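Peer 1: Let me give you the structure first, and then I'll get to my questions.
The values are calculated or read from the model by the stated rules, or taken from the named source; none is laboratory data. Computed from a predicted model, the values in this text were never measured in an experiment. Glycine gets a Cβ as well: all are built from the backbone with ideal geometry, and neighbour counts include every protein chain shown. We work out accessible area using only protein heavy atoms, side chains counted, and drop any ligands, DNA or RNA first. Shrake-Rupley method; radii C 1.70, N 1.55, O 1.52, S 1.80 Å.
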Amino acid sequence: MHPLARLLAFLGIFLVAGVASAQGYPSKPIRLLVPFPPGGSTDMVARTIQPKLGELLGQQVIVDYKGGAGGSIGASQAARAAPDGYTLLIVWDTHAVNHHVYKVPYDFFKSLDPISLLVQGPGILVANPGFAPSTIKELIAYARANPEKVTYGSAGAGSSNHLSGLLFSQMTGVKMTHVPYKGGGPLLTDLLGGHVNIVFGTLAYLEPHVRSGKLKAIAVLSKARIAKFPDVPAASETVPGFEAKTWFGLLAPAGTPREIVARINQEVVRTLADPRVTEQLMSRGLDVVGSSPEAFAAFLKNEFDVSGRLVREAGIKPE
């Protein structure tokens, strides 16, 4: 089913159920908490949905940043917020990893209520143009000849960038050096400046810099080549089975009234179904999803389990 049709189907179900019964909500601006510094992919998704979501809710949606510890500091703040629908948290795939890497003061399953899975998208392996290898084969050969000299950046220890790098190292037998940052913005700055060699990143975030020539694409991290970059090989062509994708979702503090969660979900689905929003997100290589809270809860459980396995196998210790 086409993403837009799927979203409209979700919307129809909610409208029939009459979920817009949260009387009086919202009566003031809503804070959309981004648990990373400005300039990263999470910020991009938040800024894309912010105007339409505010329009549909009838209140201003204010983006607020609280970066650090792979997004867990911002998530902790959201978990402590009043469960009244006026604080929302947008999360990246690192959200499912943080409990396995950091000693966080909130419970993954009990502290935050799922609202909707927003978008998903393939990853891409990019390099600073000054870095010699331009293909996966060249990267592997270079890394084997120069153990630990290849640096790969991430948005934080345990982030999807980090886990992708670890998985790549495990599957190819190379040794590289991990360089963690406090978010995608600072990471991008250093990647463009040549302070790190490569990043296993989000296509939506890195594509403009590849198009402009400021970064070079080594491989897409999907199962096969993608239409946006048909000439860029999939990493799996050289490393069978290697794949890395990203996702973004929306949560609220635990205990938020169900009718308010349903109202927000309704307007989020309508936001994602808006042609302008859909076009913006898809132009950045993201697949628009939109889901029920229950479907997102099941998705999060699976991501939590898979991430935990990867972290344990890689021997990453909680910080």
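Peer 1: Please work out which option in [x] 1.09; [y] 0.99; [z] 1.50 gives Cα Rg over 2.2 N^0.38 Å calculated from these coordinates, and answer with its label.
Peer 2: Answer by label: [y].
Peer 1: Calculate for the chain the 222 nm mean residue ellipticity that helices alone would give, adding -39,500 (n - 2.57) per DSSP H run of length 4 or more and normalising by residue count, nearest 500 deg cm²/dmol.
Peer 2: It lands at -13000 deg cm²/dmol.
Peer 1: Take every DSSP beta bridge whose two residues both sit in the chain, then give the antiparallel share in percent to the nearest 5.
Peer 2: Here the share of antiparallel DSSP bridges comes out near 60 percent.
Peer 1: Still on this model: Using the heavy atoms of the protein chains alone and a 1.4 angstrom probe, what is the accessible area of the range 163-299 per residue in square angstrom?
Peer 2: 40 Å²
Peer 1: What translational D, rounded to a whole number of µm²/s, comes out for the range 25-69 from Stokes-Einstein when the hydrodynamic radius is the Kirkwood one over Cα pairs, at 10 °C and 1.306 mPa s?
Peer 2: Estimated via Stokes-Einstein, D reaches 146 µm²/s.
Peer 1: Taking R0 as 45 Å, what FRET efficiency do you get between MET282 and HIS195 from their Cβ-Cβ distance, rounded to the nearest 0.05?
Peer 2: Efficiency for this residue pair is about 0.90.
Peer 1: Modelling each spin label as a point 7 Å along the Cα-to-Cβ direction, I'd like the ARG211/ARG80 distance in nm, to one decimal.
Peer 2: Here the modelled spin labels are 4.0 nm apart.
Peer 1: Grab the beta carbon distance between ALA298 and LYS223, set R0 = 25 Å, and tell me the FRET efficiency rounded to 0.05.
Peer 2: In this case the efficiency is close to 0.65.
Peer 1: Could you tell me the distance between the Cα centroids of the range 171-191 and the range 82-134, to the nearest Å?
Peer 2: Here the answer is 16 Å between Cα centres.
Peer 1: Which helices count as membrane-span-like in the chain under these terms: full DSSP H, at least 20 Å along the axis by C-alpha, Kyte-Doolittle mean of 1.0 or more?
Peer 2: Those that clear 20 Å and a mean of 1.0 are 3-17.
Peer 1: Here is a further query. Take every Cα pair under 8 Å in the chain that's 6+ residues apart, average their separations, divide by the length, and report that relative contact order as a whole percent.
Peer 2: Value for the chain: 29 percent.
Peer 1: Using a 1.4 Å probe over the heavy atoms of the protein chains, calculate the carbon and sulfur portion of the accessible area of the range 127-186 as a whole percent.
Peer 2: The nonpolar share, carbon plus sulfur, comes to 56 percent.
Peer 1: Take LYS103, project a point 7 Å from its Cα along the Cβ direction, then tell me which residues of the range 54-91 have their backbone nitrogen under 19 Å from it.
Peer 2: 68-77, by backbone N distance to the label point.
Peer 1: Averaged per residue, what accessible surface does the range 40-112 expose to a 1.4 Å probe, in Å²?
Peer 2: Solvent-accessible surface per residue comes out at 35 Å².
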